[in-house]
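All of the numbers you see were taken from the coordinates with simple rules; none came from a lab. Keep in mind it's a predicted model, so treat the numbers as computed, not measured. Glycine also receives a Cβ, built like all others from the backbone with ideal geometry; neighbour counts cover every protein chain displayed.
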There are 2 protein chains.
Amino acid sequence: MSHKSDIEIAREANKKPIQEIGARLEIPSESLLPYGHDKAKVSQDFIGSLGGRKDGKLILVTAINPTPAGEGKTTTTVGLGDGLNRIGKKAAICIREASLGPCFGMKGGAAGGGYAQVVPMEEMNLHFTGDFHAITSAHNLLSALIDNHIYWGNELGIDERRVTWRRVVDMNDRALRDMVTSLGGVANGFPRQTGFDITVASEVMACLCLANDLGDLQRRLGNIIVAYTRTRDPIYARDLKADGAMTVLLKDAMQPNLVQTLENNPAFVHGGPFANIAHGCNSVIATKTALKLADYVVTEAGFGADLGAEKFMNIKCRKAGLSPDAVVIVATIRALKMNGGVARKDLGPENVEAVQAGCPNLGRHIANVKSFGVPVVVAINHFVTDTEAEVDAVKAFVETQGAEAILCRHWELGSEGTEELATRVAEIADSGVSQFAPLYEDDMPLFEKIETIAKRIYHASEVLADKKIRDQLRQWEEQGYGTLPVCMAKTQYSFSTDPNLRGAPTGHGVPIREVRLSAGAGFIVAICGEIMTMPGLPRVPAAEAIMLNDAGDVEGLF
Amino acid sequence: MSHKSDIEIAREANKKPIQEIGARLEIPSESLLPYGHDKAKVSQDFIGSLGGRKDGKLILVTAINPTPAGEGKTTTTVGLGDGLNRIGKKAAICIREASLGPCFGMKGGAAGGGYAQVVPMEEMNLHFTGDFHAITSAHNLLSALIDNHIYWGNELGIDERRVTWRRVVDMNDRALRDMVTSLGGVANGFPRQTGFDITVASEVMACLCLANDLGDLQRRLGNIIVAYTRTRDPIYARDLKADGAMTVLLKDAMQPNLVQTLENNPAFVHGGPFANIAHGCNSVIATKTALKLADYVVTEAGFGADLGAEKFMNIKCRKAGLSPDAVVIVATIRALKMNGGVARKDLGPENVEAVQAGCPNLGRHIANVKSFGVPVVVAINHFVTDTEAEVDAVKAFVETQGAEAILCRHWELGSEGTEELATRVAEIADSGVSQFAPLYEDDMPLFEKIETIAKRIYHASEVLADKKIRDQLRQWEEQGYGTLPVCMAKTQYSFSTDPNLRGAPTGHGVPIREVRLSAGAGFIVAICGEIMTMPGLPRVPAAEAIMLNDAGDVEGLF
């Protein structure tokens, strides 16, 4: 087993020029816009030319409820992609871009781990190709135009108390959560209370990730509601004539980024909407492009299957007309033990009973995913302390759920460790057994959509929402937003809204604290519990240890 | 004469792959980090390998005091570079990057004009290679670390009322000038009054533009003073351990960008510090790299020669060990007329008297530049309404000043229009007549440095500064900052501090309102009058007309 760190492994990667990676998918060199020698954007023109082609098979990688023990969802996505290529399939992976802010706080690393990584790792965790900076700029241009409109006479009659559009920065900065701006007198405008969110929480990010092309993007941006008048009429971004300039700022960011795995297989890394107030999936345009170019596309969704897979199916697939052919649920022995009640410090020794006690969490996710009509395979992401008896216990349990579990060693071995998984997933995807359907119809009333998710996915007994929230949902239905899907914002640690309630709870209530309309992205956000849209830095930020070493390499980022 | 707009001309450019442009300067293709097909960064490794080479000749393009009539300083810089290449010289130009914010307000376009432009123009006015985004990120990381340090116990004893480090955004947004942050309770920190500047005003920008390499950059970033304790002791960025991570964020931004002129000649476009609270020149690393690769390097400095050339000589050249071989002062007939008292609407008809009345402004700049020991050529940037008699009047005047004036038609004709200028400038640069020396010695007391600039460059009779300012300067001298040069922040429209006082005023006083220490960049800023570090948007922002057309091209940016 390797004792090298992720960044050491990444640095030793035998990267190929990105043109060679593109050639694997028959992307002509002139259709790749290079960013250095190992990153490129795929040109809009080329993407536009792919219309007539047949789509490859779409495979979603999701997971049990995350625990501090770590599940390795991205690592497994990369490992499965490499495994499919290893067994002779033409496969690509699609993952999200990393946010810069968190890298300087607690963690870097959104590019896999061990021998299942995407490279160049440092750049992917820093500025990459500038997409998030472009999103930040487009978002903040809209913010500036709002205050500027008010400053110059407020012809649209914006109620300054009802400006819902905040600003964003790709940084963990709690001081910006809540502020009063435009102080200092007449020349600086009208003081009002507002704040900043982190860029991944921007609705511009969600718009970009759900848009089919630049025209669709501009339409969505124009539809963003930024404020209300005193009579509660919405003010749209298009009322401020902001949508054109925002689209111009995003024209390069809309082009998917191509990089490679450690095994030189193609990886699209594009978009990164928050998995709480947004849908937490990579961009539709990257997924669709990959499906035109590869026979198998492996992608992932944020958090556990109750949030990530549910939103992938009900929001991304529904809206983009995608249909998954197979779903891989990642589980680890350690995380199952934690779901079975073991504390993190006690995860080392063999404990088959704890594994079995945690399995119902996995079982619930299997059943939930199957309820979308999609076949499931469980990937046991191997960790060095796992024992054979523990692994066997999971395999036996999964069999009782009408699925199969396969042990994977990609972290340690790369694609050699996912041959069995890749073979089985390809068989299932090719079999055509998937009969995907979203969980609810577009025309179901909004509150019923929330109830359907809460009862069928979370196994809750009821949804708790006061009259104000129900009235708000009804008002949106009257305004024509009733056909939108619902984006649930809930703790990722439990099927319930209590992060400490692991396993497979039933009979709980799901309280809806607030609902928000993302008219540009095209969903209603239902907020259950606290939701953090601007993280803070820890007492000792990772930034303190990040620096260039004498060789000019980045140290401390991971 | 062409009736095409700048952007139409730029779009018709017959661009060559950036590798071919690099080859003109013998930059190996693997030492160019491409950004698309027409932009590249020159790798640090390659720059590091150039140490032993001989430097080319350095030519500064500056101007008379700017007027709304426009002087065309960047246009002339591009035209002269093309002209030198046309006459068989190996020449490169070095200009600044454009700020994103102003593009959505009043103007775009910082890439020349007519047939003397640098391309790709749209991208240079949008995200370009992401340098300004990297500077914004590095600046705001430091801001977040300051508030985070206070939040977690304030071990360094930062006086929250004396945090001088603000935040930045590359946007014109007056609402952010003055604000109270950290509202909302315990979890969001300690409320304090602060604000945002535009990114070009960031001291991080000035540090990057004056640094010789990444090591020097990190040292400068560490030296930035971010706050003071209750006992007025400075808190440095390095006390917060911010310098390493900031350097990591800037490691790509430190690599100069290579693009091309419309005539496929090499252009380095790198850095863009504000010309008021900073020194307003492109980066030292770009200039030094260009000098190693080309026989002639044409560069420019912000505003008129009283500000731009003075700072270029006294700050950039002094600190970087550069020595200009010739200076071109750009003048236009129209701007001279305005300096001679003609209103903008009356600039059309021939008016030799007005031209002559405006010439003393030009004469003063010629004498000032000569006082640095550097030979001067005047470039008359031709405009369609100029008459022969007007041009002759300028030529005759310049001759009386011991220099020569050459008519240039690069805007209309490209390099064909600057053949004469290029020939003469090359002769002068080659002649070795330049005996450059800065205006004052390092060890002159700070207040005397201000007086020297005010009296010798502005022809003021005195500097007005109250005791508080003089005491502050003395305190910095005691703390070891007395050897720093002074960066003057003054209106660009006049030699005096009154923007309406055109021509060549004498006997005026220069009031110093405030002094600031930029310990990282390495200069003292002396602020005379108002200084704007965060612009606002106009009543009808340019953003309203910016959009993609049906062909996918950017419209409305210029």
For the protein assembly as shown, one quarter of the surface area of the C-alpha convex hull, expressed in nm², comes to 41.9
Output for the stretch B:514-553: GluC sites (Glu not before Pro) sitting in coil per DSSP, at most 14 other Cβ within 10 Å, listed by number, reads B:GLU530
Projected area averaged over all directions for the convex hull of the alpha carbon atoms of the stretch B:42-97, nm², comes out at 5.7
Measuring from the longest principal axis of the C-alpha atoms of chain A, the long axis of helix A:73-86 (C-alpha) lies at a number of degrees, nearest 10, equal to 60
Note to self: Kirkwood Rh of the stretch B:344-499, Cα pairs, one decimal, Å, is 18.6
Shape descriptors of the stretch A:131-247 over alpha-carbon atoms, Rg and Dmax in angstrom, are 14.0, 44
Taking max minus min of the Cα coordinates of the stretch B:313-435 on each principal axis, largest first, gives extents in Å of 45, 30, 24
In degrees rounded to 10, the 0-90 angle between helix B:467-476 Cα long axis and the longest Cα principal axis of chain B is 80
Taking only Cα atoms of the stretch B:446-528, the Rg to Rh ratio with Kirkwood Rh works out at 0.98
Rounded to the nearest 10 degrees, the helix B:446-456 long axis (Cα) sits at an angle to the longest Cα principal axis of chain B of 20
Expressed in nanometres to one decimal, the distance between label points 7 Å along Cα→Cβ at A:GLU350 and B:LYS345 is 9.5
Partner shielding of A:28-36, as the mean number of partner chain Cβ atoms within 10 Å, equals 4
Sorted shortest first, the nm distances from the B:LYS16 label point (7 Å along Cα→Cβ) to its counterparts in the other copies are 3.1
Note, A:THR229: beta-carbon cut-off 14 Å, +1 each Lys/Arg, -1 each Asp/Glu, net -1
Taking the label point 7 Å from Cα along the Cα-Cβ vector, the copy-to-copy distances for B:GLY480, listed from shortest in nm with one decimal, are 6.7
re chain B: pairs of Cα atoms spaced beyond 36 Å account for a percent value of 32
Among B:THR62, A:GLY363, A:ILE224, the residue whose Cα sits farthest towards the positive end of the charge dipole of the protein assembly as shown (+1 at Cβ of Lys and Arg, -1 at Cβ of Asp and Glu, taken about the Cα centre) is A:ILE224
For A:PRO445, inter-copy label-point distances (7 Å, Cα→Cβ), nm, shortest first, read 8.3
Per-residue average of other protein chain Cβ atoms inside 10 Å, peptide A:546-557 -> 4
Checking rank on A:192-200, A:249-257, B:59-67, A:211-219, with mean other Cβ inside 10 Å and highest first, the result is B:59-67, A:249-257, A:192-200, A:211-219
Given unit charges at Cβ for Lys, Arg (+) and Asp, Glu (-), the dipole magnitude of the stretch A:131-247 about its Cα centre in debye, nearest 20, is 320
Note to self, chain A gives a 222 nm [θ] from helices alone (DSSP H runs n ≥ 4, -39500 (n - 2.57) apiece, / all residues, nearest 500) of -9000 deg cm²/dmol
Per DSSP, the loop-located trypsin sites (Lys or Arg not before Pro) within the stretch A:30-80 having at most 13 other beta carbons within 10 Å are A:ARG53, A:LYS54
Sparse-neighbourhood loop hits (GluC sites (Glu not before Pro), the stretch A:94-187; DSSP loop; Cβ within 10 Å at most 14 others) -> A:GLU155
Counting other chain Cβ atoms within 10 Å of each Cβ in B:247-257 and taking the mean gives 4
Rounded to the nearest 0.05, FRET efficiency between A:THR423 and A:ARG53 (Cβ-Cβ, R0 22 Å) equals 0.30
Along principal axes, largest first, the alpha-carbon spread of the stretch B:228-302 in whole Å comes out as 58, 27, 20
What the Cα atoms of the stretch B:206-248 span along the principal axes, largest first and in whole Å, is 35, 18, 11
